[in-house]
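Novice: Take a look at this one; I'll ask things after.
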Amino acid sequence: MSEGKKSDNGKTLYYLLPLSFVKPLVAVFAFGKGEYGFENWKKNFDTEEMTEEQRFLSAIKRHTEAIEEEGPLAINEKDGGVYHAAQIAWNALRLLWGALRK
């Protein structure tokens, strides 16, 4: 039997990102959906008081503070029992997504 042909050159290699690595992020998305609605994260978060960037950086710093106090497996009971580290990753990715969108 001959090998099949498929051109993957220059394409994004999604297989490099294991689902187990992003599973904690899914929990953050699920909490957000229940708390704020489906795809609320796509909205503009600029207000008169602070920019979207300031808002997400502040969240990253708050979750980082929790990890500094409680360790890398610290769980945020107020936000559905998700890992603070996952919330840091989520906020960083949302910050990047928002910047790329602009």
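Novice: Of everything in segment 31-53, what is small (Gly, Ala, Ser), in a helix (DSSP H, G or I) and over 15 Å from the mean Cα position of the chain (by Cα)? Give them in sequence order.
Specialist: Gly34
Novice: Restricting the search to segment 8-30, which residues are of a type in the set (Ser, Thr, Tyr) and within 16 Å of the chain's Cα centre (by Cα)? Show your work before the answer.
Specialist: Step one: list which residues in segment 8-30 are of a type in the set (Ser, Thr, Tyr), which gives 12, 14-15, 20.
The answer is Ser20, and nothing else.
Novice: Taking Val22 as the residue in question, decide whether it is surrounded by 10 or more Cβ atoms within 10 Å (Cβ to Cβ), in contact with a Phe, Trp or Tyr (Cβ under 6 Å, 6 or more places away or on another chain) and among the aliphatic types (A, V, I, L, M). If you could, list the steps in order and put the result at the bottom.
Specialist: Values: surrounded by 10 or more Cβ atoms within 10 Å (Cβ to Cβ): yes; in contact with a Phe, Trp or Tyr (Cβ under 6 Å, 6 or more places away or on another chain): no; among the aliphatic types (A, V, I, L, M): yes.
So Val22 does not fit the description; no.
Novice: From His63, His84, grab the single residue that is at pLDDT 95 or above, touching a Pro at 6+ places or on another chain (Cβ under 9 Å) and not small (Gly, Ala, Ser).
Specialist: On inspection, the qualifying residue turns out to be His84.
Novice: With the checklist (1) hydrophobic (A, V, I, L, M, F, W, C); (2) closer than 24 Å to Leu100 by Cβ; (3) in contact with a strand residue (DSSP E or B) (Cβ under 9 Å, 6 or more places away or on another chain) in hand, flag the one item Phe38 doesn't pass.
Specialist: (3)
Novice: What is the residue count in segment 73-102 for residues that are surrounded by 10 or more Cβ atoms within 10 Å (Cβ to Cβ) and under 18 Å from Phe21 (Cα atoms)?
Specialist: Qualifying residue count, segment 73-102: 16.
Novice: So, one more: Condition test on Val28, is it touching a strand residue (DSSP E or B) at 6+ places or on another chain (Cβ under 6 Å) and either assigned to a helix (DSSP H, G or I) or among the charged types (D, E, K, R) (or both)?
Specialist: Numbers: touching a strand residue (DSSP E or B) at 6+ places or on another chain (Cβ under 6 Å): yes; either assigned to a helix (DSSP H, G or I) or among the charged types (D, E, K, R) (or both): yes.
In short, yes.
Novice: Also, I was wondering about something else. State yes or no: is Glu35 farther than 22 Å from Phe21 by Cα, loosely packed, with under 13 Cβ neighbours inside 10 Å and touching a residue at least 12 places away in the same chain (Cβ under 8 Å)?
Specialist: Yes: the conditions hold for Glu35.
Novice: Restricting to segment 59-72, and then to whatever is more than 17 Å from Tyr36 (Cβ to Cβ) and small (Gly, Ala, Ser), can you tell me which residue is surrounded by the most Cβ atoms within 10 Å (Cβ to Cβ)?
Specialist: The residue in question is Ala66.
Novice: Here's another thing I want to ask about it. Any chance you could count how many residues in segment 44-58 are surrounded by 11 or more Cβ atoms within 10 Å (Cβ to Cβ), of a type outside the set (A, V, I, L, M, F, W, C), out of contact with any Asp or Glu (no Cβ under 6 Å at 6 or more places or on another chain) and more than 19 Å from Ala74 (Cα to Cα)? Walk me through it before giving the result.
Specialist: Taking segment 44-58 as the starting set, the residues that turn out to be surrounded by 11 or more Cβ atoms within 10 Å (Cβ to Cβ) are 45-46, 50-58.
Imposing the further condition that a residue be of a type outside the set (A, V, I, L, M, F, W, C) reduces the set to 46, 51-55, 58.
When the remaining residues are screened for being out of contact with any Asp or Glu (no Cβ under 6 Å at 6 or more places or on another chain), the result is 51, 53-55, 58.
From the residues that got through so far, the ones that are more than 19 Å from Ala74 (Cα to Cα) too are 51, 53-55.
Of the residues in that region, 4 qualify.
Novice: Moving on. Among residues belonging to segment 79-102 that are among the charged types (D, E, K, R) and assigned to a helix (DSSP H, G or I), point out the one that is farthest from Val26 (Cα to Cα).
Specialist: Filtering first and then ranking leaves Arg101.
The values are calculated or read from the model by the stated rules, or taken from the named source; none is laboratory data. The structure presented is a predicted model; accordingly, all values stated were derived computationally and were not measured. Every residue, glycine among them, receives a Cβ derived from its backbone with ideal geometry; neighbour counts consider all protein chains shown.
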